[in-house]
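Below: one structure, written as structure tokens.
Please treat every number below as a calculation from the coordinates, not as lab data. Here the structure is a predicted model, which is why all the values come from computation and not from measurement. Please note: Cβ atoms are built from the backbone with ideal geometry, for glycine as well, and neighbour counts cover all protein chains shown.
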Amino acid sequence: MNTGPLIAIILFILLFLLASLRAGLGYLQVRRDAKEEWPDFQKVWPKRASGLSAEQFENAYVRAHGPRAPLYGAVMLLIAAVLTPVIMLLLTALYGFFIAEPINATGGPANGLASEVSRQFRLDGPLVYAFFLFFGLIASWGLVAFAVAHRFHRNRPGSLEDELRVERGEGELPEVEVKRPRPKWSPLVQTDDGLQMPKNSDKKEVP
């Protein structure tokens, strides 16, 4: 019996519990900080606090400063633990369908070292299957980590000012692309294809 995946599942669950505890305590601390920050924020930034309630400020503060990394890490570990048995079944089915050779029922037990090595390294041997399962699980866990990390960066919150605008219903500030104009002394001009020499340039190439 291959106990490696079972050990990995137990490890994932333990790490999930630790990450969940850290994320929960972190969000509680951030929300406590937001409640303490709200009176000072009203005094120092009265215009920015205008039109906001204490609850709205806390929500924006938590989104902007909350410990998202341990939260997403806990989600990633939970998904990996749940999907590991399914991935094992899928990998075993793929191995049996595409790689494994029919077992020779007439073949007796290994009589020596050479026979045992041959049995281990043939396509239907236990060592090849163990390698296939090992690297297949690692690749699958990597895909899970990639998917969670992609969502982590895609849903990244804005600054506190951006989140306050969202609470007011104003939406985030639009991103404006600022193009730096070329200095007058430069012989290059900015075009859609990049920096180029002007077509009507009177400069002559030096031979």
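Key figures
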item	result
Residues Thr3, Thr84 arranged by fewest to most Cβ contacts within 10 Å	Thr3, Thr84
Length-normalised contact order for region 1-85 - Cα pairs under 8 Å, 6+ apart - percent	55
Linear extension gain, Lys43 paired with Leu17, 0.36 nm per residue minus alpha-carbon span	5.4 nm
Cut-off 11 Å between beta-carbons: net charge of the residues surrounding Val75, Lys and Arg +1, Asp and Glu -1	+2
Alpha carbon Rg of region 10-60, scaled by the compact-globule rule 2.2 N^0.38 Å	1.64
